Amino acid sequence: MDAPDGIIFRRPTEADYPTVVRVIDDWWGGRKMDFLLPRLWLQHFTGTSWLAETTDGALAGFLIGFHSPDQSNVAYCRLIGTNPNLRQHGLGRALYERFFEDARQADRHEVHAITWPGNKTSIAFHRAIGFEVQTGPGTQNLYGVPAIAAYDFDREDRTIMVRTV
Ligand SMILES: CC(C)(COP(=O)(O)OP(=O)(O)OC[C@H]1O[C@@H](n2cnc3c(N)ncnc32)[C@H](O)[C@@H]1OP(=O)(O)O)[C@@H](O)C(=O)NCCC(=O)NCCS
């Protein structure tokens, strides 16, 4: 499996929680986003998640995901982020490749992710690595992308993306 030079991948542990949550607002462009990752994600989902570090141990990226208890063919990526100084060098792809391989090993063949349709980087990234944006009933064009209005919290629009693995 390809890995960018000088990057080490491992499973996160709960001890990584402060390091990970501390970077979220910055990595997500300065908006207050750390509420996306309560501690429970690094207590109960570490076995299906990935952390990337530089050789000096600095956080390079993370993917927090799980295998759906209700949908036996589905693995779900909750959050993926890479250090802004390391972007567009294949790190996000490398994190997803590991998550895809975990899904295959567990005989799961669909990976789901959702994103805010205004997050152009996220949409372009997911499309580039093979996700398809879901269209059809309930979707409308928002920010130029098929999305479901008021999908979360009865107010937040979301684009749903699926990749077969
Ligand atoms: C989205 C994100 C994880 C991408 O990470 P990355 O390390 O830059 O991704 P990669 O370098 O592996 O890029 C993989 C593909 O996506 C494409 N891509 C990445 N960023 C892109 C951008 N800003 N615009 C267009 N395409 C982009 C790359 O060109 C690449 O395609 P290629 O292999 O065909 O050249 C990163 O930008 C990020 O952390 N963003 C903030 C958090 C976020 O929005 N996360 C997603 C929602 S949870």
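The values are calculated or read from the model by the stated rules, or taken from the named source; none is laboratory data. Just so it is clear, the structure is predicted and the values come from calculations on it, not from any experiment. Heads up, the Cβs are rebuilt from the backbone with ideal geometry, glycines too, and the neighbour counts pull from every protein chain shown. To get the accessible areas, we keep the full protein, side chains included, count just its heavy atoms, and leave off ligands, DNA and RNA. Shrake-Rupley method; radii C 1.70, N 1.55, O 1.52, S 1.80 Å.
Only residues that are away from the ligand (no atom under 16 Å from the Cβ) and either surrounded by 16 or more Cβ atoms within 10 Å (Cβ to Cβ) or in the same structural domain as PHE66 (by TED's automatic domain parsing) (or both) were counted across region 111-141, and they come to 1.
Output yes when any residue across region 79-88 is surrounded by 13 or more Cβ atoms within 10 Å (Cβ to Cβ), polar (S, T, N, Q), under 20 Å from LEU37 (Cβ atoms) and assigned by TED's automatic domain parsing to the domain that holds VAL21, and no when none is. Scanning region 79-88, I find at least one residue that is surrounded by 13 or more Cβ atoms within 10 Å (Cβ to Cβ), polar (S, T, N, Q), under 20 Å from LEU37 (Cβ atoms) and assigned by TED's automatic domain parsing to the domain that holds VAL21, so the answer is yes. In region 2-17, the count of residues that are open to solvent by 50 Å² or more (accessible area, probe 1.4 Å), touching a residue at least 60 places away in the same chain (Cβ under 8 Å), over 13 Å from ILE64 (Cα atoms) and acidic (Asp, Glu) is one or more.
A quick yes/no check of all residues on (1) in contact with a Phe, Trp or Tyr (Cβ under 8 Å, 6 or more places away or on another chain); (2) of a type in the set (A, V, I, L, M, F, W, C):
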residue	(1), (2)
PRO38	no, no
LEU51	yes, yes
SER68	yes, no
GLN71	no, no
